[in-house]
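Below is one structure, written out as structure tokens; comments come after it.
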Amino acid sequence: MKLFPKIFLPTLLILTVIFLNPVLLFFSKHLLPKPPIYPFNPSEEVKIATVAGKIKYSVDYTIVLVGDSMTERLGNGDELKGYLSLYYPNKTFEILNYGFGATNILSLPDRLTTATFMKREFRPILDIDFDLLLIESFGYNPLSELSLEQGLRKQSEMLDISLNLIDSAQKKARVAFFTTIAPNKDIFSKGIVELSATQRSSWVKERNRYIENHTAYAKTHQLPLIDIYHSSLDLFGNGKSIYIDSQDNLHPSPTGIFFISQQLASGISKLQLLKN
């Protein structure tokens, strides 16, 4: 004897998700550990020197992050340094954040070779003696003026150019790709941009394609990849709202910043991007 009619099972599943989702969100928010306090005194001045024509910071490891506003939200990297201290005890870090809002992949080559002014002047990345360069996808700022096919091709072309520039300037440079959290097609940009449900879904699909193309490029070129995007998806392939700022429904929430920072630190350790 069948206990439930066929039509009841999908309904039961939907109701279960609806009622359990708030509970799961609550626990995911409170179970994600906050980053430990970076154990080294932040008041101690990090000295800067010039070594062999490159800017050198007086720490064990200098990490450069480059991307758009999704990366910019990580600020000065205190959370990232806190999580890194779990994997690299007794090591000191300098995090240089070259995440700039409203910028796309076309700006990456210039950011590597030319000083950039964003509220203040940022020296060219390739003038820095860094230990690790982490390149984000810029997927939240797609090249929408081009067709999707042309835009993805241009994205890959800019990555080709950028990697050649890096190789020419610092042949021993350690470079890895990373992706940020996934957008949510149901709430994307609500409160800052007026979009219909169809438009919102279309915008998210476009951004997802650029993020996925960044991932594919890394795999094709056998580059280290820290894939935060797929780790932030829910069971239905949508970005988990707990990681998204409830004010603009776009950028990382405080929990999202913890999550991205934790994933970066874990990925750096697992991929052995820095020596312990």
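Check Leu132: other-chain or 5+ apart residues with amide H under 5 Å from its amide H, H built from backbone geometry?
Thr62, Val64
Determine the gain in length on full extension of the stretch Leu148-Ser196; use 0.36 nm per residue of separation and subtract their C-alpha separation, reporting nm with one decimal. Present the calculation step by step, with values, prior to reporting the outcome.
Values: separation 48, 0.36 × 48 = 17.28 nm, distance 2.05 nm.
Extending this stretch completely gives an extra 15.2 nm.
What is the local net charge at Ser162, summed over the other residues whose Cβ is closer than 13 Å to its Cβ (Lys, Arg +1; Asp, Glu -1)?
So the environment of Ser162 carries a net charge of -3.
Explain nothing, just the number: relative contact order of the chain, from Cα pairs under 8 Å at least 6 residues apart, as a whole percent.
After rounding, I find 20 percent.
Give the long-range amide H neighbours of Phe122: residues separated by 5 or more places, or on another chain, with amide H under 5 Å away, using H modelled in the peptide plane at 1.01 Å from N.
Distant-sequence amide H within range of Phe122: Thr116, Phe117.
Quick one: net charge of Ala49's neighbours, Cβ under 10 Å, K/R +1, D/E -1?
Details: positive: Lys47, Lys54, Lys56; negative: Asp129.
Computed value for this residue: +2.
Fewest first, what order do Met70, Met118 take by the number of other Cβ atoms within 10 Å? Mind dumping the intermediate values first?
On the way: Met70 26, Met118 13.
Lowest to highest Cβ neighbour count: Met118, Met70.
Below 15 Å, Cα to Cα, which aspartates and glutamates can Lys275 reach? Residues fewer than 8 away in the same chain don't count.
In chain and number order, the partners are Asp60, Asp131.
Test of understanding: in a Gaussian network model of the chain with alpha carbons linked when under 10 Å, which of Ser246, Ser231, Ser144 would top the mean-square fluctuation ranking?
Result: Ser144 has the largest fluctuation of those listed.
Based only on Cα atoms, what mean projected area does the convex hull of the chain have, in nm²? All intermediate terms of the calculation are to be shown ahead of the outcome.
On the way: hull surface 72.6 nm².
About 18.1 nm², averaged over all directions.
Which cross-chain or sequence-distant (5 or more) residues have an amide H under 5 Å from the amide H of Leu143, H modelled 1.01 Å from N in plane?
none
Which of the DSSP-defined H helices in the chain satisfy a minimum axial length of 18 Å, computed from C-alpha atoms, and a minimum mean Kyte-Doolittle hydropathy of -0.5? Working shown, then result.
On the way: long enough: 8-31 (33 Å, 1.79); 148-169 (32 Å, -0.18); 197-220 (34 Å, -1.46); 254-270 (24 Å, 0.49).
In the chain, the long hydrophobic H runs are 8-31, 148-169, 254-270.
Need one number: % antiparallel among DSSP beta bridges in the range 46-270, to the nearest 5.
Details: 8 of 27 bridges.
Here the share of antiparallel DSSP bridges comes out near 30 percent.
Bear in mind these aren't lab numbers, they're just calculated from the coordinates by the rules spelled out. This one's a predicted model, so the numbers in the text were calculated from it and none came from an experiment. Glycine also receives a Cβ, built like all others from the backbone with ideal geometry; neighbour counts cover every protein chain displayed.
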